[in-house]
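So the structure is just underneath, and the comments pick up after that.
Read-outs throughout are calculated quantities, based only on the coordinates presented, and are distinct from any laboratory measurement. In this text the structure is predicted, and so the values were computed from the model without any measurement.
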Amino acid sequence: MLLWVDMCCGAHGAASAAEFARHCQVRPTDQQHLWAALSLASNADVICFDFEHPDMSCLKFMTDTKARFPSVPIIMLMSQQSADVVLWALRARIFDVLLKPLSAREVLRCVQRLSPVLEARRTQSTRSNATGAEAIPDEARYHARRHSRGKLDGVLGYIEKNYAQPISEQEVAKEYGLSPFEFSRVFRATHGITFRDYLSECRLVQSKRLLSIAQVSVSDVAAMAGFNDPSYFARLFRKRTGSSPSAYRASLLTLPKGAGAATLIEADSEATG
């Protein structure tokens, strides 16, 4: 079930809700009653906030909702493209941002991307943050070594929080009270990958998620994922995935029914890992 939160959209919101109603049960609610609905409805799978032009108080309410119900994916609709809002949404772990008026193709693609996330959410005994993207690259996830792990507690979270900004190894080493040499040695011993390679993989994972948002240009994707040079981003993306960012995006639009961006990210990870 999708909880539909109409943020002063009126009749325009009804047309958008009708597109989603083709694929799932849509239950209207409002900002005042949303949290109660989420707490009481065990089958509340997704939240959709329908905006015209979101203001700071609306964005804060979305952040508070995500903090209170971290495992519930949130979709955000708005009437005007804004790279700043999309970047905010990425950092806030919003599942998807769609630009109105919605097309049937965009809604179908969003629903297909949601499917594996919701299936995983239903089968997990412990619910985790739902973003539709991998939290950290597999290289770091599986090769950690216990003897050094304690020295860098929290460093992966620091990277995931700040990957969109310029990050230097020296800066992170200072943050954890280590010399650059010691930090480099401990990070590789702990995670089986260099700091620079890990950061690049983290940014690439996020860029794949952003490429599924048709309204965001490839150059904006590069910037939002932390790559300040679009040409370098394109070269690295092709090297790691075997296709250009534009070709990858095009492949998302032609996925068979039941597949989605999350599935494609997993396939790429297996093929390039």
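Computed values, structure above
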| item | result |
| --- | --- |
| Rounded if a/c under 1.5, otherwise prolate or oblate - region 1-60, Cα gyration tensor axes | oblate |
| Region 160-253 shape via C-alpha gyration tensor axes, a/c threshold 1.5 | prolate |
| Spatial separation of Cα centroids for region 87-114 and region 45-68, in angstrom | 14 |
